[in-house]
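I have placed the structure first, in the form of structure tokens, so that the comments after it can refer back to it.
The values are calculated or read from the model by the stated rules, or taken from the named source; none is laboratory data. Everything numeric in this text was worked out from a predicted model, so none of it was measured. A quick note on method: Cβ atoms are made from the backbone with ideal geometry, for glycine too, and the neighbour counts reach across all protein chains shown.
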Amino acid sequence: GHGYQAWLQVEGLNRMELSTELKGCYEKLLSHIVITDLTLTSHPAAATAVDELKKLAEARFGITPVVASSAELGAGIRLTVSDTSDFNPNEEALLGEEGYRLSATSIGQETGRLTVTGGSPAGLLYGTFHVIRLLLAGEDVSMLQLVERPANPLRLMNQWDNADGSIERGYAGNSIFYEQGRIHADLSRVRDYARLLASVGVNGISINNVNVHAVETTFIQRHMMPEMARIAAIFRAYAIKLYLSVNFASPVELGELRTADPLENDVRNWWAARAEELYAMLPDFGGFLVKADSEHRPGPFTYGRDHADGANMLADALAPHGGIVVWRCFVYNCTQDWRDRSTDRAKAAYDHFTPLDGRFRDNVVLQIKNGPMDFQVREPVSPLLGAMPRTNQIIEFQAAQEYTGQQRHLCYLVPQWKEALSFETYAQGEGSTVSRAVSGQLHNRPLGGIASVSNIGDDAFWTGHPLAQANLYGYGRLAWNPQLTSEEIADEWTKLTFGSSEQARTVIHQMLMSSWPIYESYTAPLGVGWMVTPHTHYGPDVDGYEYSRWGTYHFADRSGIGVNRTTANGTGYTAQYREPHRSGYESVTACPDELLLFFHHVPYEHRLHSGKTIIQHIYDTHFEGAEAAAQLLQAWTGLEGFIDSETYARVQSRHEEQAAHATHWRDVINTYFYRKSGIADERGRKIY
Ligand code: BDP
């Protein structure tokens, strides 16, 4: 169906209309696929490149290209890899492993050609998908001359899929990988997912939840290797490496050792043996993803060891085979005493990890959530990013929208991710953005990049809300090139997904761009976060987590609201930032409005830079937000007939839910704060 094709719409109503001229030009190009060196196709990613072009030609244009090896002049698409043909050391250096060059000559004429030169077969595949995206979007390729290479070496997708087929924080159906404790017999859907991921440059995937339960703990055992090899082969064809989340206490939980102490020789040997077995079957296995000492998961703390000891032990096991350890920094006390105001969850990751700078192996990379708390609609950027010059880091995003509407509400997250990536850490003075810190550029690190928690399941539209596909697309594009703007990405995606109707494109583009601010406006105000239903995290419950042990509080009382994180008389979290952020956040007058309640506890009558009081801001944004959510629905309703009916209906029902749910949010929040503060709405609107 339409939704299943996602942004590679080759058939049906939504695909981009092409002018006769453009169509003729594309058809000429696709008539011949010339591979300069046929031995190239023994490499799976290069074979896929040829295959994808053939599929495009057949499905979109109804033609069967001639695939040839000769380099004779003539129209067509020419595929080559820089070190197998016209060897040129400069070109190789320029393209790197994953880069590519696209170069057009005399397009439109009999001899018109488009040459894709990859730095490797993987680069060739990325270049080919670039061409495919251009042709599907109806772009003019006649003057094409460009070189692309990814900014980030690691561009990872994290599945939070469980072997029983459920997905932790999954809002798009069940797992496409597992069912009832087993790996699916039919993995064709996994192949289609791999294709979508590769088409936007993702190069690694961990296929099981970071919370590793009993069944998934066995995934690294010998008997599972053939199953893992089956999955790895699918991803290999799309230049994507397979990773597994592992349980730190595996040797104990599998009943093989009495300890998982990372400094014990038996333990070290045990992991080394597992790595041997893995690599015997999976020579290009990526490595392990680890959630340790976090939310009841086992870790090195059990044995009085620190996280460098734990990560390095696994890193040493993987190093001889070229594997890496992705070690998560989501480490905090989830059973804190809410009566004790001196602990601040926001401080935990920085406090745990910065003292370990310089101690991690070169094949360890720390994975750090974008904010210090947990994927809220608004958080400051984690001060840990860029703060460990001698350690590899990657930033973690959550496409899944756990706290941003769960793919029932529209929330295009690319603008939020862009803010995090362009944040100045000042680690090396100006220009020390998070983007440069995680790419490895800033501190000259051998590894770095971006990871995202996936947002797909076995849903017909992949992502529940069809427009949430923009987050998956946008994640990949941004991980490849963080310089792209949110608008550019939205533009590319809408063209590819809803190309046929200009009307649909314009409206959907606007819907995407306005969606994050809208969601923010009717949910938790001014950076304070949470206020959600415990466990499900969907829908409002202002005090749901206020007296619990998770460390997520708003401290609203009759006179004010917010968390005092200053060094003056608060938790001291602001000290984790470099200047000028430190003083900026510390000062109640300098602090940006949108983060005020993350950093300060202020009276309801406190005036924001906007000129409004806190309480009036809460009322106004919640009325406006619910109104804007209703307008999203209206805007969508106007598109009936412009796009296919299944997509139309699914989006329509999501927006009906969002509009109704936004008024619920509005009324719960406004009423709560009216009753707490006793201050009436200046504009006299109805508050319950
Ligand atoms: C939180 C989720 C929880 C995850 C955890 C994590 O609520 O389900 O296990 O993050 O990132 O957002 O480990």
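Looking across region 53-63, the residues that are surrounded by fewer than 20 Cβ atoms within 10 Å (Cβ to Cβ) and among the hydrophobic types (A, V, I, L, M, F, W, C) come down to 59, 61, 63. As for region 204-219, it holds no residue that is assigned to a helix (DSSP H, G or I), touching a residue at least 60 places away in the same chain (Cβ under 8 Å) and under 30 Å from residue 9 (Cβ atoms).
Mind listing just one residue for me: the one in region 357-366 that is farther than 20 Å from residue 423 by Cα and crowded, with 24+ Cβ neighbours inside 10 Å and, of those, nearest to the ligand (Cβ to nearest atom)? Explain how you work it out, then say what you get.
First, the residues of region 357-366 that are farther than 20 Å from residue 423 by Cα: 357-365.
Right, trim to crowded, with 24+ Cβ neighbours inside 10 Å and you get 364-365.
Details: 364: 18, 365: 16 Å.
Of everything passing the filter in region 357-366, 365 is nearest to the ligand (Cβ to nearest atom).
A count restricted to region 483-498 and to residues that are touching a residue at least 60 places away in the same chain (Cβ under 8 Å) and closer than 22 Å to residue 456 by Cβ stands at 9. Screening residue 143 with (1) over 27 Å from residue 483 (Cα atoms); (2) surrounded by fewer than 18 Cβ atoms within 10 Å (Cβ to Cβ) gives one miss only, at (1). Looking for something without any contact (Cβ under 8 Å) to a residue 40 or more places away in the chain, surrounded by fewer than 22 Cβ atoms within 10 Å (Cβ to Cβ) and over 28 Å from residue 624 (Cβ atoms) - is there at least one such residue anywhere in region 544-559? No, region 544-559 contains no residue that is without any contact (Cβ under 8 Å) to a residue 40 or more places away in the chain, surrounded by fewer than 22 Cβ atoms within 10 Å (Cβ to Cβ) and over 28 Å from residue 624 (Cβ atoms). Count of region 389-400 residues, restricted to those that are within 11 Å of the ligand (Cβ to nearest atom) and not in a strand (DSSP E or B), is 1.
Checking 369, 347 one by one, the residue that is within 15 Å of the ligand (Cβ to nearest atom) and over 17 Å from residue 243 (Cβ atoms) is 369 and no other. Annotation note: of 124, 196, 154, 114, the sole residue that is in contact (Cβ under 8 Å) with a residue 24 or more places away in the chain, buried (at least 20 other Cβ atoms within 10 Å of the Cβ) and within 22 Å of residue 468 (Cα to Cα) is 196.
Condition (residue is part of a loop (DSSP other than H, G, I, E, B) and within 16 Å of the ligand (Cβ to nearest atom)) applied to region 148-160: is it met by at least one residue? Checked against the condition, which is being part of a loop (DSSP other than H, G, I, E, B) and within 16 Å of the ligand (Cβ to nearest atom), region 148-160 yields at least one hit.
Quick check, is residue 66 in contact with a strand residue (DSSP E or B) (Cβ under 7 Å, 6 or more places away or on another chain), exposed (fewer than 15 other Cβ atoms within 10 Å of the Cβ) and either modelled with pLDDT of 95 or more or farther than 21 Å from residue 147 by Cα (or both)?
For residue 66, the condition - in contact with a strand residue (DSSP E or B) (Cβ under 7 Å, 6 or more places away or on another chain), exposed (fewer than 15 other Cβ atoms within 10 Å of the Cβ) and either modelled with pLDDT of 95 or more or farther than 21 Å from residue 147 by Cα (or both) - is met.
Scanning region 278-290 for residues that are outside any strand (DSSP E or B) and farther than 13 Å from residue 250 by Cβ gives 279, 280, 281, 282, 283, 284, 285, 286.
When the residues of region 164-193 are filtered to those that are within 16 Å of the ligand (Cβ to nearest atom) and crowded, with 22+ Cβ neighbours inside 10 Å, which remaining residue is farthest from residue 374 (Cα to Cα)? So that I can check it myself, show each step before the final result.
Going residue by residue through region 164-193, those that are within 16 Å of the ligand (Cβ to nearest atom) are 164, 166-172, 175.
Narrowing further to those that are crowded, with 22+ Cβ neighbours inside 10 Å: 167, 170, 172, 175.
Values: 167: 18, 170: 16, 172: 20, 175: 23 Å.
Of everything passing the filter in region 164-193, 175 is farthest from residue 374 (Cα to Cα).
Scanning region 466-487 for residues being of a type in the set (Phe, Trp, Tyr) and in contact with a strand residue (DSSP E or B) (Cβ under 8 Å, 6 or more places away or on another chain) gives a total of 2.
Annotation note: of 382, 435, the sole residue that is in a helix (DSSP H, G or I), farther than 30 Å from residue 659 by Cα and among the small types (Gly, Ala, Ser) is 435. Contact map, region 163-179: residues that are in contact (Cβ under 8 Å) with a residue 40 or more places away in the chain and among the hydrophobic types (A, V, I, L, M, F, W, C) paired with residues that are more than 16 Å from the ligand (Cβ to nearest atom) and assigned to a strand (DSSP E or B), Cβ distance under 7 Å, separation 6+ or inter-chain. Pairs shown: 163/178; 177/183.
Taking region 506-543 as the range and being within 13 Å of the ligand (Cβ to nearest atom) and in a loop (DSSP other than H, G, I, E, B) as the test, the residues that pass are 529, 530, 533, 534, 535, 536, 537, 538.
Residue 101 passes every criterion in (1) basic (Lys, Arg); (2) within 16 Å of the ligand (Cβ to nearest atom); (3) outside any loop (DSSP other than H, G, I, E, B) apart from (2).
Selection of region 400-459 for residues being closer than 19 Å to residue 328 by Cβ and β-branched (Val, Ile, Thr) yields 434, 438, 450, 453. In region 315-330, the residue that is nearest to residue 279 (Cα to Cα) out of those that are within 16 Å of the ligand (Cβ to nearest atom) and in a loop (DSSP other than H, G, I, E, B) is 329. Checked against the criterion of being more than 16 Å from the ligand (Cβ to nearest atom), touching a strand residue (DSSP E or B) at 6+ places or on another chain (Cβ under 7 Å), within 30 Å of residue 49 (Cα to Cα) and hydrophobic (A, V, I, L, M, F, W, C), the candidates 220, 234, 240 yield just one match: 240. May I ask you to verify whether residue 231 is buried (at least 22 other Cβ atoms within 10 Å of the Cβ) and at pLDDT 95 or above? No.
Does residue 341 satisfy the condition of being away from the ligand (no atom under 16 Å from the Cβ), in a loop (DSSP other than H, G, I, E, B), of a type in the set (D, E, K, R) and touching a Pro at 6+ places or on another chain (Cβ under 8 Å)?
For residue 341, the condition - away from the ligand (no atom under 16 Å from the Cβ), in a loop (DSSP other than H, G, I, E, B), of a type in the set (D, E, K, R) and touching a Pro at 6+ places or on another chain (Cβ under 8 Å) - is not met.
For region 225-268, a residue qualifies if it is part of a helix (DSSP H, G or I), in contact with a helix residue (DSSP H, G or I) (Cβ under 9 Å, 6 or more places away or on another chain) and of a type outside the set (A, V, I, L, M, F, W, C), and the qualifying residues are 226, 227, 236, 250, 251, 253, 266, 268. Would you check if there is a residue in region 269-281 being among the charged types (D, E, K, R) and within 16 Å of the ligand (Cβ to nearest atom)? Within region 269-281, not a single residue is among the charged types (D, E, K, R) and within 16 Å of the ligand (Cβ to nearest atom).
Would you pick out the residues in region 444-466 that are within 16 Å of the ligand (Cβ to nearest atom), small (Gly, Ala, Ser) and part of a loop (DSSP other than H, G, I, E, B)?
Residues of region 444-466 that are within 16 Å of the ligand (Cβ to nearest atom), as a first pass: 450-455, 457.
Okay, now just the ones that are also small (Gly, Ala, Ser), so 451-452, 454, 457.
The answer is 454, 457.
Look at (1) within 22 Å of residue 496 (Cα to Cα); (2) surrounded by 19 or more Cβ atoms within 10 Å (Cβ to Cβ) and you find that residue 82 fails only one, number (1).
For residue 72, state whether it is of a type outside the set (Phe, Trp, Tyr) and at pLDDT below 95. Here the answer is yes, as residue 72 does meet what is asked. Looking across region 34-52, the residues that are of a type in the set (A, V, I, L, M), modelled with pLDDT of 95 or more and crowded, with 19+ Cβ neighbours inside 10 Å come down to 45, 46, 49, 50.
Of all the residues in region 127-145, those that are in contact (Cβ under 8 Å) with a residue 12 or more places away in the chain and over 22 Å from residue 238 (Cβ atoms) number 7.
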